[in-house]
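Heads up: the structure comes next, in structure tokens.
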Amino acid sequence: MESENFLNRLAQKCQAHFGAQCDKLTIIFPNKRAGVYFADYLSQKYDQPVWSPTIQSFDEYVAAQQDSNL
């Protein structure tokens, strides 16, 4: 039985609600490590290759927003 942690449940919801179009999402985590684990859980949900969502840490997101506003 798979562990029912938050990241695994989030991966299940992304797969259920967005199917192969989860590349339209941007998911922001408090740190990079959570994003790495989420990407691993998400990859286990698909039998075929799909584009993954944009996965960023909060710091990366803020830096990108600041760069786009300059």
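Roughly how tilted is helix 58-68, in degrees to the nearest 10 and between 0 and 90, from the longest Cα axis of the chain?
The two axes meet at around 50 degrees.
Helix 32-44 versus the longest principal axis of the chain: what angle, 0 to 90°, nearest 10, using Cα atoms?
30 degrees
Within the accessible area of the chain, what % is carbon and sulfur when the probe is 1.4 Å and the other protein chains stay in place?
About 53 percent, which is the carbon plus sulfur part of the accessible surface.
Just the C-alpha atoms of segment 25-70: what Rg/Rh do they give, with Rh taken as the Kirkwood radius?
Ratio of gyration radius to Kirkwood radius for segment 25-70: 1.08.
For the chain, with every protein chain kept in place, what is the accessible area per residue (1.4 Å probe, Å²)?
Here the residues of the chain average 75 Å² of exposed surface.
The values are calculated or read from the model by the stated rules, or taken from the named source; none is laboratory data. Remember, it's a predicted structure, so these values are computed and weren't measured experimentally. When the accessible area is computed, the model is the full protein with side chains, heavy atoms only, and any ligands, DNA or RNA have been set aside. Shrake-Rupley method; radii C 1.70, N 1.55, O 1.52, S 1.80 Å.
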